[in-house]
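Since the structure comes first, as structure tokens, the remarks are kept for the end.
The values are calculated or read from the model by the stated rules, or taken from the named source; none is laboratory data. From a predicted model like this one, the values you see are computed outputs, not experimental measurements. Ideal geometry is used to build each Cβ from the backbone, glycine not excepted, and the neighbour counts take in all protein chains shown. Just so you know, the surface numbers come from the protein's heavy atoms only, side chains and all, with ligands and any DNA or RNA stripped out. Shrake-Rupley method; radii C 1.70, N 1.55, O 1.52, S 1.80 Å.
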Amino acid sequence: MKRTQAQRREATRAKVLEATLQCLVERGYAETSTAEVLARADVPRGTLLHHFPTKVDLLVGAVQYVAGRRVESLTAELAAIPPEADRLDALIDIIWRHFSSPLFWAALELWNACRTDAELRAALLPVEKEIFTVLHDRARDLLSDSSPGDPRVPTVVEFSYEVLTGLAMTGIVSGDLGRRELLIRRWKRAAAILLGHRDPSTLVERPRSKES
């Protein structure tokens with residue numbers, strides 16, 4: 001079927017935003033220019049300017065686009081958790097994959113740019129507030145299935161996002177995959193302890209005894 005003008009316009013807009021996302025991930029915020037996006041999207045300059053007259057307009061559009069993609073991705077993964085799976089373990093694994101994905105790296109580039117770009121920060125804050133509200137709600141709903149009415153669930157969800165966000169960011173510098181995996185395992189235990197699902201003594205792995 002022939003696409004409508006609105007459908008063609010939306011497809012072009014998505015193409016430009018996808019190119020912006022790729023540029024943020026591969027080149028970083030500083031080198032995400034309209035010229036670079038034009039080359040990647042392969043659209044006329046006039047078309048880009050029609051949708052996004054300035055670089056700030058383009059980045060604001062990218063903020064909203066990345067936010068929507070992040071919500072879609074995480075929601076789909078949460079919905080696919082098997083009924084028999086440990087929901088807390090599965091949630092932490094999904095959040096960690098979310099913070100290890102290109103979508104997160106693109107968001108991180110924008111977060112960093114907001115420190116010195118007041119206009120971008122003003123556009124980003126309400127979008128990030130909305131997305132984290134949705135992501136936290138989805139996670140709380142998931143854990144509430146096995147712990148209905150438990151007042152500890154919101155705190156464990158918030159801690160999980162904050163711990164894994166920090167771990168993803170420090171991993172940029174350290175690159176220590178083994179250390180990150182250890183800390184994720186420990187956070188799974190700590191979260192289960194906070195929810196009363198594990199004995200506190202199981203937080204730290206006991207060293208294996210040497211064979212004689």
- request: Take the alpha-carbon centre of the range 18-54, take the same for the range 131-156, and report the distance between them in whole Å.
  value: 37 Å
- request: Give me the percent of the accessible area of the chain that comes from carbon and sulfur atoms, probe 1.4 Å, all protein chains in place.
  value: 53 percent
- prompt: Counting Lys and Arg as +1 and Asp and Glu as -1, each charge on the Cβ, what is the dipole of the range 41-173 about the Cα centre in debye, to the nearest 20?
  reply: 440 debye
- request: Could you give the size of the charge dipole of the range 113-162 about its Cα centre, using +1 on the Cβ of each K and R and -1 on the Cβ of each D and E, expressed in debye and rounded to the nearest 20?
  value: 80 debye
statement: Among (1) 1, 5, 10, 12, 13, 13, 13, 11, 8, 6, 4, 2, 1, 0, 0; (2) 1, 6, 13, 15, 15, 14, 11, 9, 7, 4, 2, 1, 1, 0, 0, 0; (3) 1, 7, 16, 20, 20, 15, 11, 6, 3, 1, 0, the value of P(r) over Cα pairs in 5 Å bins from 0, in percent computed for this structure carries the label (2)
statement: Note on the chain: contact order normalised by length, alpha-carbon pairs under 8 Å, 6 or more apart, percent, works out to 18 percent
query: Just the accessible area per residue of the chain, please: how many Å² with a 1.4 Å probe?
result: 58 Å²
statement: Within the range 38-140, DSSP-loop trypsin sites (Lys or Arg not before Pro) with at most 15 other C-beta atoms within 10 Å are ARG115
message: Compute the angle between helix 55-79 and the longest alpha-carbon principal axis of the chain, please, reported from 0 to 90 degrees and rounded to the nearest 10.
response: 40 degrees
